[in-house]
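**Q** My structure is below; once you've seen it, I'll send some questions.
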Amino acid sequence: MKTRRELLKLAGFGLAGLPFSGFGVGQDRSGRRFAAPPGEPYQGTDEELLNDIQRGAFEFFWNESSAKTGQTKDRALAAGSDTRTMSSIAATGFGLTALCIADRRGYRSPNEIRERVRTTLRFLANDLPNVHGFFYHFIHIETGARWENVELSSIDTSLLLCGVLMARQYFADQEIKDLATKIYERVDWPWMLNGGKTFSMGWKPESGFLDARWEHYCELMMIYLLAIGSPTHPVPPSSWEAWTRPIIRYKEIDFISGNDPIFTHQYSHAWFDFRKKHDTYANYFENSVKATKAHKLFCLSLQDRFPDYGDELWGISASDYVNGYTAWGGPPPQGPIDGTIVPCATGGSLPFLFEDCIRVLRTLRGPFGKRVWSKYGFVDAFNPLGQWTDADVLGIDLGITMAMAENHRTGFVWEQFMKNNEMRDGMERAGFKSEKSVVGHG
């Protein structure tokens, strides 16, 4: 069972080291130039499309979560009727956020939604095994038992906590608030530092702490801000300075990034509102705008090898592909890039580069709709150059798309989550200052 971070290590090589996938330059496998299937892009309004996407994602989080424990599957068949039993605590965090959005939008009755939230939080607070407040990455959806030999995960616990704190703030329900507070306040953040200045990526009872650490810019910001803001077991504000911020330049765009897929510029932004704020180093919202622009240009630069990539069709992030699951993207090029399109790459970047991203989603919903649209919205990935379409959807990929669609539409997740005093404290202690001017991105 490989984590995303383990896959990033394994896949940390560029296109030059990969076997060519078999497509001729500017051609598909048959020697013909790529052409999208006939049909117009989605003809409804932006709001109608985003609502369809969010409703589909919510159906996943409702149907593929346990009514007994509230825990959400890591993945499920896009057509439904899935029988797998592996839950992801990160997917559960996105699921709690999805329940808040669904309640606000009236996707299901308020009583049903609140009871599902209570069930989820009761299980997390009272029944799910934890070590120093941290949870195992994957668990059995009905029993909570650790899945095989997976790690106690610092990042996945943080993704879960963001959903927990979102629910605490949004629902006017004392039991929800008390349970969420218990879950957050028992996390022993200094323990996960393991004597260092940066957080370990995890721990296993058989071997102790993982050697890998959260030491360069990626999706890590949420871990540090949750920990710095903790009222019970905080880490010093200086930990915000402990991780590096390497600069990448691509086609005259300079931005902070590691050698990581585009999801690393999305995840912390699903909940933390970095707009109009900066620390000593950057405005991280603007940084994600630049990273998204660079990612689009990177995809377009591959057109001579993968002619499906263009203004209407681009976006690669950690996802399924024809041979399994991989972490891929660029710049710089990473992983076995083969022309696959990953909808959450653009879906999770909607607040950063809306017009460019919605153009892709309109294309996917339009001429490709019969191939890629499912009961739960877009499938996780598909390759327009071949015959491969993923049979699955992934909770975290649907989750980031649903959250960021809502943030673009209303800013709701940002607004609610940032009402948590601990989150404001964490950002203030980390040195964030407000900016007066607002830059629009269209």
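**Q** Can you go through Lys433, Lys370, Lys419 and tell me which one is out of contact with any helix residue (DSSP H, G or I) (no Cβ under 8 Å at 6 or more places or on another chain), under 23 Å from Leu226 (Cβ atoms) and open to solvent by 10 Å² or more (accessible area, probe 1.4 Å)?
**A** Only one candidate qualifies: Lys433.
**Q** Exactly one of (1) in a helix (DSSP H, G or I); (2) within 30 Å of Lys204 (Cα to Cα) is unmet by Val150. Its number?
**A** In the conditions (1) in a helix (DSSP H, G or I); (2) within 30 Å of Lys204 (Cα to Cα), Val150 misses (1) alone.
**Q** Now, a different point. State which residue is farthest from the chain's Cα centre (by Cα) when the search covers only segment 79-109 and only residues that are among the charged types (D, E, K, R) and either within 19 Å of Asp52 (Cβ to Cβ) or at pLDDT below 95 (or both).
**A** Taking the candidates together, the pick is Arg108.
**Q** So, one more: In segment 98-127, which residues are in a loop (DSSP other than H, G, I, E, B) and either under 16 Å from Leu159 (Cα atoms) or of a type in the set (Gly, Ala, Ser) (or both)? Explain how you work it out, then say what you get.
**A** Narrowing segment 98-127 to residues in a loop (DSSP other than H, G, I, E, B): 106-109, 127.
Across segment 98-127, the qualifying residues are Gly106, Ser109.
**Q** Every residue in segment 122-149 that is surrounded by 16 or more Cβ atoms within 10 Å (Cβ to Cβ), in contact with a Lys or Arg (Cβ under 9 Å, 6 or more places away or on another chain) and farther than 17 Å from Thr69 by Cβ, please.
**A** Hit for segment 122-149 is Gly133, nothing else.
**Q** Based on this model, can you work out whether His216 counts as in contact with a Pro (Cβ under 9 Å, 6 or more places away or on another chain), within 16 Å of Phe432 (Cβ to Cβ) and either of a type outside the set (A, V, I, L, M, F, W, C) or open to solvent by 20 Å² or more (accessible area, probe 1.4 Å) (or both)? Give the steps one after another, and end with the answer.
**A** On the way: in contact with a Pro (Cβ under 9 Å, 6 or more places away or on another chain): yes; within 16 Å of Phe432 (Cβ to Cβ): no; either of a type outside the set (A, V, I, L, M, F, W, C) or open to solvent by 20 Å² or more (accessible area, probe 1.4 Å) (or both): yes.
Judged against the criteria, His216 is not a match.
**Q** Hey, does segment 391-413 have a residue that's open to solvent by less than 20 Å² (accessible area, probe 1.4 Å) and free of Cβ contacts under 8 Å to residues at least 40 places away in the same chain?
**A** No, that holds for no residue.
**Q** Still on this model: Every residue in segment 334-355 that is more than 20 Å from Phe34 (Cβ to Cβ), out of contact with any strand residue (DSSP E or B) (no Cβ under 9 Å at 6 or more places or on another chain) and in a loop (DSSP other than H, G, I, E, B), please.
**A** Within segment 334-355, Gly348, Ser349, Leu350, Pro351, Phe352, Leu353 meet the criteria.
**Q** Go through Asn323, Asn259 for me and flag whichever is open to solvent by 10 Å² or more (accessible area, probe 1.4 Å), of a type outside the set (Gly, Ala, Ser), at pLDDT below 95 and more than 25 Å from Lys433 (Cβ to Cβ).
**A** On inspection, the qualifying residue turns out to be Asn259.
**Q** Look at Arg305 and say whether it is open to solvent by 20 Å² or more (accessible area, probe 1.4 Å) and under 26 Å from Asn51 (Cβ atoms).
**A** Considered against the rule, which asks whether it is open to solvent by 20 Å² or more (accessible area, probe 1.4 Å) and under 26 Å from Asn51 (Cβ atoms), Arg305 comes out as no.
**Q** Pick out the one residue from Leu179, Leu160, Leu210, Leu193 that is of a type in the set (A, V, I, L, M), within 21 Å of Lys68 (Cα to Cα) and open to solvent by 10 Å² or more (accessible area, probe 1.4 Å).
**A** Step by step, each of Leu179, Leu160, Leu210, Leu193 is checked, and only Leu179 is of a type in the set (A, V, I, L, M), within 21 Å of Lys68 (Cα to Cα) and open to solvent by 10 Å² or more (accessible area, probe 1.4 Å).
**Q** Please work out if Phe94 is under 30 Å from Ser200 (Cβ atoms) and buried (at least 24 other Cβ atoms within 10 Å of the Cβ).
**A** The answer is yes for Phe94.
**Q** Any idea how many residues of segment 73-97 are farther than 18 Å from Phe378 by Cβ, in a strand (DSSP E or B) and in contact with a helix residue (DSSP H, G or I) (Cβ under 8 Å, 6 or more places away or on another chain)?
**A** Adding up the residues that qualify gives 1.
The values are calculated or read from the model by the stated rules, or taken from the named source; none is laboratory data. Small disclaimer: the values here were computed from a predicted structure and weren't measured. FYI the Cβ positions are ideal-geometry reconstructions off the backbone, even for glycines, and counts take in every protein chain you see. What goes into the accessible areas is simple: the full protein's heavy atoms, side chains included, and nothing from ligands, DNA or RNA. Shrake-Rupley method; radii C 1.70, N 1.55, O 1.52, S 1.80 Å.
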